[in-house]
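The values are calculated or read from the model by the stated rules, or taken from the named source; none is laboratory data. Keep in mind that this is a model prediction, so the values were computed, not measured. Here the Cβ positions follow ideal geometry from the backbone for every residue, glycine too, while neighbour counts run over all protein chains shown. Surface accessibility is based on the protein's heavy atoms, side chains included, excluding ligands, DNA and RNA. Shrake-Rupley method; radii C 1.70, N 1.55, O 1.52, S 1.80 Å.
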Amino acid sequence: MIERLESELLPLRIKLKNHSIYNKIESLGDIQIFMESHVFAVWDFMSLLKKLQSILSCNQVPWYPSGFPKASRLINEIVWGEESDVNQDGIPMSHFEMYLDAMKNIKANTKEINHLINEVRSCNNIFDIINKSSLPKYVKNFVDFTFEVIQTEKPHVIAAVFTFGREDLIPDMFVEIIKNLKASTNEDLSDLIYYFERHIEVDSGEHGPLALEMIKELCQNDKTKWEEALSYSKQALENRINLWDGILSSISIKSKLVTAN
């Protein structure tokens with residue numbers, strides 16, 4: 001079943017890998033626009049990950065075995081790396097915080113993401129927060145889908161979206177971005193490139209195969225679970241494509257304005 005799932009997702013993965021956005025990030029301004037939207041995907045990834053951790057590892061007191069030791073080990077390893085890695089200077093911080101630092105270094109606008117974080121601290125309804133925000137529709141749709149997946153409370157669905165829509169996808173798309181960043185600007189992008197390279201280093205090793213084993217463990221021989229895993233994974237990839245389309249459109253609009261002036 002896992003082979004069928006991977007086969008049916010392949011066309012969407014190829015479409016993402018070959019997305020024209022990678023060839024359109026040509027200036028510091030383009031990078032700023034990209035990061036100002038992509039940061040929300042960096043942020044909501046952590047909620048997807050932490051939800052998986054809460055399901056596959058027991059976080060209650062008194063503690064009891066979760067029943068998913070292999071999956072629990074994988075998720076705890078990923079959480080450790082994502083939530084408490086070290087930056088270029090050896091300072092412990094999450095990958096999200098590294099991303100924010102990289103944004104600040106190139107003077108990208110962090111106002112919207114900081115506002116969202118402040119709202120999250122004081123309000124529990126993420127859908128209300130997103131709906132009332134001034135974020136572009138393509139960002140709203142992306143984040144909404146993430147939390148709709150989380151609300152299913154279905155381990156196999158959340159794990160599938162995490163594996164095929166996020167974690168397993170990161171190495172390919174980040175490599176493409178890095179290639180263009182290095183070739184397209186003379187600006188100091190060391191923090192941003194370090195962030196991307198850390199993702200590639202951490203995610204392209206043993207986590208991929210282990211994540212596939214996690215899907216097998218959670219779906220087993222249940223056809224309904226496999227179909228749900230496939231359906232939600234397709235939606236996750238389509239949402240990523242829509243996010244890339246939206247960012248590309250924003251870059252193109254700004255480029256035309258600059259040319260016109």
Here the gain from full extension of R73 to T224, 0.36 nm per residue of separation minus their alpha-carbon distance, amounts to 51.8 nm
Run the quick spin-label model on A183 and S231: label points 7 Å from Cα toward the beta carbon, then report their separation in nm to one decimal. 4.1 nm
With R₀ set to 25 angstrom, the calculated FRET efficiency between the beta-carbons of Q60 and C123, to the nearest 0.05, is 0.50
Hz values of 3J(HN,Hα) by residue in the range 21-38 - Karplus curve (6.51, -1.76, 1.60), Gly and Pro given as x: 4, 5, 8, 9, 7, 10, 9, 4, x, 5, 5, 4, 4, 4, 5, 5, 9, 5
Using the Kirkwood radius built from alpha carbon pairs, what does the Stokes-Einstein equation give as D for the range 59-169 at 37 °C and 0.692 mPa s, in µm² per second? 197 µm²/s
So, for the Cα atoms of the chain, Rg and Dmax in Å stand at 18.4, 65
Descending accessible area (1.4 Å probe), largest on the left, turns I253, I2 into I253, I2
Scan the chain and hand back the longest stretch that contains none of the GluC sites (Glu not before Pro) lying in DSSP loops with at most 11 other Cβ atoms within 10 Å. 1-152
Compare R166, R121, R73, R4 by solvent-accessible area with a 1.4 Å probe and give them largest first, with all protein chains kept in place. R121, R73, R4, R166
Per GNM of the chain with C-alpha springs under 10 angstrom, the most fluctuating residue out of L116, L28, L230 is L116
Please work out the average accessible area per residue across the chain, using the 1.4 Å probe convention, and give it in Å². 50 Å²
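Probe radius 1.4 Å, ligands and nucleic acids ignored: give me the carbon and sulfur share of the accessible area of the chain as a rounded percent. Walk me through the intermediate numbers first.
Working: 6500 of 13020 Å².
The nonpolar share, carbon plus sulfur, comes to 50 percent.
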May I ask you to list the lysines whose Cα is less than 26 Å away from that of K216, ignoring any residue fewer than eight positions away on the same chain? K15, K17, K50, K51, K70, K154, K225, K234
Determine the order of Y138, Y22 by accessible area, beginning with the largest, at a probe radius of 1.4 Å. Y138, Y22
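For the range 1-128, how big is the tail of P(r) above 18 Å, as a whole percent of Cα pairs?
69 percent
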Kindly provide the chymotrypsin sites (Phe, Trp or Tyr not before Pro) of the range 36-123 that DSSP labels as loop, not H, G, I, E or B, and whose Cβ sees at most 11 other Cβ atoms within 10 Å. W63
